[in-house]
1. Which are the unpartnered cysteines of the protein assembly as shown, meaning those with no other cysteine Cβ under 4.7 Å from their Cβ?
2. Could you work out the relative contact order of segment A:99-207, using alpha carbon pairs under 8 angstrom and six or more residues apart, expressed as a whole percent?
3. At 222 nm, what helix-only mean residue ellipticity would chain B give, in deg cm²/dmol to the nearest 500, using -39500 (n - 2.57) for each DSSP H run of four or more?
4. With a 1.4 Å probe and all protein chains left in place, how much of the accessible area of the protein assembly as shown comes from carbon and sulfur atoms, in whole percent?
5. Please give the contour-minus-distance gain from A:T67 to A:F162: 0.36 nm per residue of separation, less the Cα-Cα distance, rounded to one decimal in nm.
6. Heavy-atom accessible surface, probe 1.4 Å, ligands and DNA/RNA ignored: which residues of segment A:22-45 lose at least 30 Å² versus the isolated chain?
7. Specify the longest stretch of chain A that does not include any exposed loop site, a site being one of the chymotrypsin sites (Phe, Trp or Tyr not before Pro) with a non-H, G, I, E, B DSSP assignment and at most 15 other Cβ atoms within 10 Å.
8. Within straight cross-link reach of A:K4, meaning Cα distance under 18 Å, which lysines are found once same-chain residues fewer than 8 apart are removed?
Amino acid sequence: MLSKKNKEALFNPLSKDNPVLVQILGICSSLAVTASLEPAIVMGISVICVLAFSNVIISFLRKTVPTNIRIIVQLVVVAALVIIVQQVLIAYNYDVSKKLSVFIGLIITNCILMGRLEAFAMHNSPWPSFLDGIGNGLGYTIILVIVAFFRELLGSGTLFGFHVIPQWCYDHGYMDNGLMILPPMALITLGCIIWIHRARNKDLQEN
Amino acid sequence: MEELNLFIKSIFIDNMIFAYFLGMCSFLAVSKNVKTAFGLGIAVTFMLVVTVPINYMLNKYVLQEGALQWLSPALAGVDLSFLGLILFIAVIASATQLVEMAVEKFSPSLYASLGIFLPLIAVNCAILGAALFMQQRDFPSAWTATVYGAGSGIGWLLAIVGIAAIREKIAYSDIPKPLRGVGIAFIITGLMGIAFMSFLGIKLG
């Protein structure tokens, strides 16, 4: 069930081989949804579901799909799964799905999906592919949550919409940094996270 | 005037990269020198100009609620909008394939320089993103949608050429080791984004 290789597929993406920090995949949609924690977590969960199941499906199909049309096949599988996720969100969590607007749809072109399908699911059997999908999805979610945590805390002084910065701070002249809510700060926050991550993992540094 | 306004707005204010982070993956991967960055930017702009109006027509005459009315009045209540994603991505993927074949046939030199980037465009989020924003904003005509596509593409081109130029120069500077490569590219993009925000509120006419 959980041999050494499978464990690697599951746990490596959390830090050493993180899809966002190391493989630089899935930046596109990951930053726009991180102005506060709730949409970031919903987005993370959606990506985990789509990634795990598309990995499994492609892994089942890997021997029957001709090489030159595989991209179309992958896109169709992913698009079908994303439509399911989108409809579920609209049905059960309408507010958040409004907030995420087009970004749920953009999971289709999220490079994590194509990257993992090409790099892993096309060469591995379904069970490791499933674990790889869960692992990479979790790695992506962790980064989203970290970025969203700092942006929401510093930008609006709230977490999950509750005020956590006490009133006396504001009385003594503390102000929320409105800049953190704006899109460019997501990039700078992520840049700093990469900086810290690479300072701790020396073998990832570039020359 | 309305169109010109939209054009300027989609280049500078609603910039695909700085405001929505779309197409970041190829933006970071291909921005190491200006020449290839420019080639990719042109290819993306072209694809946007082609696919946004096609997707607009699809949305208006096939997908929207009651859009099939022109076929027969019995279909007035049909709402196919949940199929949007799959149709848009199919249009984009096949358009990419067509453009690739056309470029290969008519301009082998351009094909050689763009070669590997062309298929990648199918999964460039900026293209699907533009289609989805187009659906959300409900433009009045296909012409407006084309203008929007062109503006978004040129905005993307400007951004990628800008960062490629900066990255070419930055190769000579002494950056802290852990920040080299991607890290500094993110921070530069963020700073460029803040600069682009100074365009907020521009309105023509």
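The values are calculated or read from the model by the stated rules, or taken from the named source; none is laboratory data. This structure is a prediction, so every number in the text was calculated from the model and none was measured. Note that we place each Cβ from the backbone using ideal geometry, even for glycine, and neighbour counts take in every protein chain shown. Side chains are part of the model used for accessible areas, which takes the heavy atoms of the whole protein and leaves out ligands, DNA and RNA. Shrake-Rupley method; radii C 1.70, N 1.55, O 1.52, S 1.80 Å.
1. Unpaired cysteines in the protein assembly as shown: A:C49, A:C169, A:C192.
2. Numbers: 43 pairs, mean separation 18.0, N = 109.
It rounds to 17 percent for segment A:99-207.
3. Details: 9 runs with 129 residues, N = 205.
So the calculated ellipticity at 222 nm is -20500 deg cm²/dmol.
4. Of all accessible area on the protein assembly as shown, carbon and sulfur atoms account for 69 percent.
5. Separation in residues times 0.36 nm, less the Cα-Cα distance, equals 29.1 nm.
6. A:I24, A:I27, A:C28
7. In short, A:1-159.
8. A:K16
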